[in-house]
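Everything below concerns the one structure shown next.
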Amino acid sequence: MQLRLRKPGFRFWLVVILLGLGAWLAFLDPRDTIIPNMIPKNEAGEPDYYLEDAKLTRFNAQGQAYQRATTPRLAHTPEDDVTRLKTPDLELIDDDGRDWIASADEGRLGPDGNPIVLTGNAHLEAPQERWQLDTEELHYDNKTGHAWSETPALLRQPPQEMRGERFDAWIHDNRARLTDNVTGFHPPEPQKESAQ
C-alpha cells in the first residue's frame, strides 16, 4: 500500500500568501518609526507631555496676557513640575503693557510658570528703551517683575555698552542696574559746529 499525498489546492496557497503578506506588513509597520527625537530624560524623569512648534500664553487673574512663549519643543516633567523649552522666544509684558523680549538656547519654567530660567546665550531686550542685555544665564520672577543674572553680562544702549558681573532689572518699575566690576564704553557726543 502506497500513500499518496494530495497536491495542495488553491485555498491552501491563498492562505499561505495572505499570512506571508500580513507578516511582511507587520514588519514594515511605520508607527514604530515615528518616535520623538528628543524626549528629555533627566533626574526629573520622563515627561508626561511634550509639544512641538508650541505657542504658550499665560494670563493673569484679570484675563490679561502677561507672558508669551514660542518654542520648537516644550516638555513637562511631572516629578518636579518643570516645563523645559528648546530655543524659546519669550514676550514678557509689564504692568504698563510694554513688551520685553527674551530668548536663549534653553529655557525652564518652574512650577506654575515661575521662575523662568534662560540658559545659553540669554538675551533680554527692552525695545521702547532701546537697551539689550546678553548673558549666559538669566532668571525672571513674573510675580515681582524682577529679572537678574549672576553671570557676566553685557548691557547695550547704542552707542554705549557696559559690562558687569551682575545684572538686575525690575520691568514693572522700568529700571535696571549693572553691578560688580563694571566697565563701559561711552563715546562723547558729537560737537555741534557753531555758526559764525
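General observations
- The peptide list 70-76, 21-27, put in order of mean Cβ contacts within 10 Å with the highest first, becomes 70-76, 21-27.
- Accessible-area composition of the stretch 49-185, carbon plus sulfur, in percent [1.4 Å probe]: 46
- Relative protection proxy for 56-69, 97-110, from highest mean packing down: 97-110, 56-69 (other beta-carbon atoms within 10 angstrom).
- Based on protein heavy atoms only, the chain ends up with 70 Å² per residue of surface accessible to a 1.4 Å probe.
- Estimated [θ] at 222 nm from DSSP helical runs (n ≥ 4, -39500 (n - 2.57)) normalised by residues in the chain, nearest 500: -3000 deg cm²/dmol
- Charge dipole (Cα centre; +1 on Lys/Arg Cβ, -1 on Asp/Glu Cβ; no other charges) of the chain amounts to roughly 1780 debye.
- Put simply, when 142-155, 172-185, 119-132 are sorted by average Cβ atoms within 10 angstrom per residue, most first, you get 142-155, 119-132, 172-185.
The values are calculated or read from the model by the stated rules, or taken from the named source; none is laboratory data. Source: prediction; values computed, not measured. Neighbour counts are summed over all protein chains in view; Cβ atoms, including those assigned to glycine, are modelled from backbone coordinates with ideal geometry. Just so you know, the surface numbers come from the protein's heavy atoms only, side chains and all, with ligands and any DNA or RNA stripped out. Shrake-Rupley method; radii C 1.70, N 1.55, O 1.52, S 1.80 Å.
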